[in-house]
Amino acid sequence: MDNDRRRELWLPHAMSRRRLLAGTGAAVLFAACGGDDDSASPSTQGGGQPTGGSTGTAGGPATTSGGPATTSGGPATTSGGTPTSGGTLRVGLVGSTNDLIDGQYIVAKADQARLVSGWDPVVNYDTDFNISYEHSLAEEIETVAADNYVIRFKEGLEFHNGKPVTADDIIYSFRRRIDPKLNLAPGLAELLGPDGMTAIDDRTIEFQLLKPAVTFINGLAEYTTTIVPVDYARFDGDVSNQIGTGPFMLESFTPGTESVHVKNPNYWGSGLPLLDEVQIIDFADAQALTNALASGEVDAAVDIPFAQVSTLESDSNLRILESQAGNWLVITMAIDQAPFDDVRVRQAMRLIANREEMVERVLAGHGRVANDMYGVLDPCYPKDIPQREQDIEQAMALLADAGQEGLTIDLFAPDDTAGLAELIAVFADQAQAAGVTVKAQVLDGGTYWGDEYTKRTFATSFWSTRPYLIQVAAGSLKNATYPETHWPSPDSDFAETYDQAIAETDDSARCEIIAEMQQEEYDNGGNLIPFFYNLVDGHAANVKGFEARPNLLNLDHYGRGWKNIWFED
Amino acid sequence: MTIVEAGLQPGLASGRIDPPSGRRGVLVATLGLWRTRIGLLLVAVLVGIAVIGPLFAPYGGTEFVGPPFTADAPDTLFGTDKLGQDVWSRFLLGGRTILLLAVVSTLIGLAIGAVVGLVAAYNRGRLDNVLMRTMDVVFAFPNLLLALVAVTTLGRRSWVIVLIVAFTAVPRVARITRGAALGVVERDFIGAAEALGESRSHILGREILPNVAGPLLVEANLRLTYSIALIGALGFLGFGVGLNQPDWAQMINENRPALSTAPWGTLLPIFAIALLTVGVGLVADGLGRAIAGVDRARPT
């Protein structure tokens, strides 16, 4: 299905881009009125370390504005009180009857929250987005070569039912991930064959890849790369087979209504989880969810519409949890179609954009300015490339050089993704100053993500946080999953450079190659990336343990499966 | 009047069956009613805002003036909206579209509906049946649903909205016109006109129409209120015209999430649309009462 953005490279959150029916998902981030946008921003990696004492926004550039990362349960409060056990946490999110539970796959944000409750990842990221073994099942990963890895798992891991985790389970888990029938992680399936794993001992597995790819480790850090017992299958009405290694066990689940998760008595993390029970409750839309949080019907809510943040902040019983993330919206220019086949016209568009104003107007300040490059949380993100600023004069000069002064052009956005319609409206407003007439057109989501998607000259899209190289494979190669800008141009050696990078096991050498690639996209690419937006959630003041820090999933990575969350009396 | 007399005095063929006090009398009676006066005042104020308001807008409709949804943004009267634009300016600029679309679609609906009703009443028989049963079918569809289907399939264009709103007005106008005209076509002066060999269009337009003008005028006002409401509903549901163009109905939808913190972006257009509808409705009501002579006995 070409309108199906169920993707990815082994990045799980695949989120189908055409967010179907009934608002499957969630992220009505920006302004509540965005319709039933759904699906979430697929994020990719894991979030920050829980301990480590970093306050709020460690690691990332400062938030542009408004983003004071009001933590609630930040380190200060956490250490201020002694964590107590017990209690039932009620978490609200936007969900639908399309919700599913699968220990290795999600479609919408509701699914993310439920997956993280029951299944731990193999590895994950720390706040600086380096690979971390904390909260993870693996003890160590040894990179033997770019196509050969040895993973040793922690000792004494047990499933919910007390059965020890064995090499068979681990191999089954990876085979399930790459099973072409399930299609959970097509990107991983390109790298790993079903016979690529050998058990060295009961907790150590050797992986022989089909081709060199250092991004294999990023795939391991996906929160959907989990360990399930042999013969595990997706929820199909029976909770008893929903077995994982995570802090909570599924007790009941009604898609579109709620799920109940109870404490895993066999959890490997000592003394955890603290809560007795977690209820994950579905709401039809962000407005209903926000009202439920304000009235105390739920203890925590995923995705507060930006417009509501200031209202909720003034309520002393509530706390806003704002995390920097690498999620981005983008205006895409097809580099092989007129007028954007001329790099001067692409640059002119990028110079027309007043990014600070876009952050203020589209995100109500809940984000930070971007520089036409993605992968901002990747440790290899180049920090020395100058910030592109609005420069109407130069934009007009470039347009004149290209013979395009007074350009009139259609710019399209879907109606189902919060922020995109607003983004093109603001861009159209800003373009007037350069004498460019942008006809901003909002299409019905089904039409937008249909046959014409990736074929339009001037359009928009959204992406979640991914490591740079994985994002390149998703959107910036000729054979990318979603080649929105038709990058790279035929005379560029970008694709060869990518192959080089992905085979480079030395971190700093790889970062140098990535910097080169980023520079080329910055100079010639077809993405106009105005900003990265924050994840903004809310919770009751007496809920402790959530920390505001750079993160990939909402609610502080869903409290890492809620295991660190507790109630203050 | 007899046919013979009418034949001798052709001028009388254009008979009128106005209320006793005559046309001028109806207007006077209508204006004498407080409800009409209030209605006219409301309509005048809101049409005034829509028509000359734009001249007084302190900012452009899409100009960025401050943080979004800030009720007390500096240098603004009513704060900012969803995209940090000035609520007051957008309010002043936003009335034209809805008013223009409503008036044009009502006129079109009125014209078509009147023709259908007159033809049906005059011809009776099979044509009457065919026309009126067709009207019943159209009548059976919920207006808003029909409009949504049209806008979704044909696109969000002004002409689509105008035509579909006009279309939903047709059956009601046709029914009222036919009902009123039925009593007229039996009159002798129609027979006289027929005997004189006047064309059918002359009889419909010059003989019957003036005699149903009263009810039609009332209906026109009623249809206008419905058109405003329907176009407002479409705009609210996001099927209005023009992304981020200032428009009362769209403003209500866009600014609704901030009703508790920055209410003016929602409240101003709500009041405007509500008062406009009420105003037009009061005028219709006054006209109807004056024509029917309901309040004739009461001093005004």
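Quickly run through region A:105-135 and pick out the residues that are under 19 Å from A:ARG466 (Cα atoms), touching a helix residue (DSSP H, G or I) at 6+ places or on another chain (Cβ under 6 Å) and either in a loop (DSSP other than H, G, I, E, B) or without any contact (Cβ under 8 Å) to a residue 60 or more places away in the chain (or both). Within region A:105-135, A:ILE106, A:VAL122, A:VAL123 meet the criteria.
Here A:LEU469 meets each of (1) of a type in the set (A, V, I, L, M); (2) more than 29 Å from A:TYR223 (Cα to Cα); (3) in contact with a Cys (Cβ under 9 Å, 6 or more places away or on another chain) with one exception, condition (2).
So which of A:ASP401, A:ASP415 ends up being modelled with pLDDT of 95 or more and more than 14 Å from A:PHE340 (Cβ to Cβ)? It would help to see each step written out before you state the result.
Values: A:ASP415 fails: modelled with pLDDT of 95 or more.
Among A:ASP401, A:ASP415, only A:ASP401 is modelled with pLDDT of 95 or more and more than 14 Å from A:PHE340 (Cβ to Cβ).
Report, by residue number, each residue of region A:416-444 that is in a helix (DSSP H, G or I), farther than 19 Å from B:LYS82 by Cβ and facing chain B (nearest Cβ under 10 Å). Show your work before the answer.
So the first thing to find is which residues in region A:416-444 are in a helix (DSSP H, G or I), and the list is A:420-434.
Next, only the ones that are farther than 19 Å from B:LYS82 by Cβ stay: A:431-434.
Matches in region A:416-444: A:GLN432 only.
Among the residues making up region A:144-170, those that are among the hydrophobic types (A, V, I, L, M, F, W, C) and either crowded, with 18+ Cβ neighbours inside 10 Å or assigned to a loop (DSSP other than H, G, I, E, B) (or both) are A:ALA146, A:ILE151, A:PHE153, A:LEU157, A:PHE159, A:VAL165, A:ILE170. Just wondering, is there one or more residues in region B:237-245 that are among the aromatic types (Phe, Trp, Tyr) and at pLDDT 85 or above? No, region B:237-245 contains no residue that is among the aromatic types (Phe, Trp, Tyr) and at pLDDT 85 or above.
Taking region B:271-295 as the range and being over 18 Å from B:SER227 (Cβ atoms) and in contact with a Lys or Arg (Cβ under 9 Å, 6 or more places away or on another chain) as the test, the residues that pass are B:GLY286, B:ARG289, B:ALA290, B:ASP295. Residues in region A:251-273 that are within 28 Å of A:LEU318 (Cα to Cα) and open to solvent by less than 40 Å² (accessible area, probe 1.4 Å): A:PHE253, A:GLY256, A:SER259, A:VAL260, A:HIS261, A:VAL262, A:PRO273. Number of residues in region A:344-369 that are over 30 Å from B:GLY79 (Cα atoms) and either open to solvent by 10 Å² or more (accessible area, probe 1.4 Å) or outside the structural domain of A:GLN432 (by TED's automatic domain parsing) (or both): the value is 3. If the condition is being open to solvent by 20 Å² or more (accessible area, probe 1.4 Å) and not in a helix (DSSP H, G or I), then region A:171-193 contributes A:ASP179, A:PRO180, A:LYS181, A:LEU182, A:ASN183.
If only one of A:ASP238, A:ASP285, A:ASP276 is open to solvent by 10 Å² or more (accessible area, probe 1.4 Å) and within 14 Å of another protein chain (Cβ to nearest Cβ), which one is it? Spell out the reasoning first.
Details: A:ASP238 fails: within 14 Å of another protein chain (Cβ to nearest Cβ); A:ASP276 fails: within 14 Å of another protein chain (Cβ to nearest Cβ).
Sole residue among the options that is open to solvent by 10 Å² or more (accessible area, probe 1.4 Å) and within 14 Å of another protein chain (Cβ to nearest Cβ): A:ASP285.
At pLDDT 90 or above and open to solvent by 50 Å² or more (accessible area, probe 1.4 Å): does that describe A:SER295? Judged against the criteria, A:SER295 is a match. Would it be correct to say that A:THR454 is open to solvent by less than 70 Å² (accessible area, probe 1.4 Å), in contact (Cβ under 8 Å) with a residue 40 or more places away in the chain and outside any helix (DSSP H, G or I)? No; evaluated as a whole, the condition is false for this residue.
Restricting A:THR447, A:THR481, A:THR465 to residues that are within 14 Å of chain B (Cβ to nearest Cβ) and not charged (D, E, K, R) narrows the list to A:THR447. Of all residues in region A:358-392, those satisfying the criterion of being acidic (Asp, Glu) and either at pLDDT 95 or above or touching a Lys or Arg at 6+ places or on another chain (Cβ under 6 Å) (or both) are A:ASP372, A:GLU389, A:ASP391. Checking each residue in region B:246-294 for being open to solvent by 20 Å² or more (accessible area, probe 1.4 Å), closer than 16 Å to B:VAL47 by Cβ and either at pLDDT below 85 or small (Gly, Ala, Ser) (or both) picks out B:ALA274, B:GLY281.
Suppose we filter A:ASP372, A:ASP315, A:ASP341, A:ASP378 for residues that are in a loop (DSSP other than H, G, I, E, B), among the charged types (D, E, K, R) and open to solvent by less than 10 Å² (accessible area, probe 1.4 Å); which single one remains?
Details: A:ASP315 fails: open to solvent by less than 10 Å² (accessible area, probe 1.4 Å); A:ASP341 fails: open to solvent by less than 10 Å² (accessible area, probe 1.4 Å); A:ASP378 fails: open to solvent by less than 10 Å² (accessible area, probe 1.4 Å).
After ruling out the rest, the residue left standing is A:ASP372.
Quick check on region A:543-552. Is at least one of its residues in a strand (DSSP E or B), within 30 Å of A:LEU318 (Cβ to Cβ) and not aromatic (Phe, Trp, Tyr)? Yes - at least one qualifying residue is present in region A:543-552. When A:ALA413 is tested against (1) touching a strand residue (DSSP E or B) at 6+ places or on another chain (Cβ under 7 Å); (2) within 30 Å of B:GLY238 (Cα to Cα); (3) part of a helix (DSSP H, G or I); (4) not β-branched (Val, Ile, Thr), exactly one condition is not met: (3). Selection of region A:298-309 for residues being out of contact with any Pro (no Cβ under 9 Å at 6 or more places or on another chain) and either open to solvent by 60 Å² or more (accessible area, probe 1.4 Å) or among the hydrophobic types (A, V, I, L, M, F, W, C) (or both) yields A:VAL298, A:ALA300, A:ALA301, A:VAL302, A:ILE304, A:VAL309.
Going by the structure shown, is A:ALA395 surrounded by 22 or more Cβ atoms within 10 Å (Cβ to Cβ) and either away from chain B (no Cβ under 14 Å) or touching a residue at least 12 places away in the same chain (Cβ under 8 Å) (or both)? So A:ALA395 passes the test.
The values are calculated or read from the model by the stated rules, or taken from the named source; none is laboratory data. A quick note: this is a predicted structure, and the numbers were derived from the prediction, not measured. Note: ideal-geometry Cβ built from the backbone for every residue, glycine included; neighbour counts use all protein chains shown. Side chains included, ligands, DNA and RNA excluded: accessible areas come from the protein's heavy atoms. Shrake-Rupley method; radii C 1.70, N 1.55, O 1.52, S 1.80 Å.
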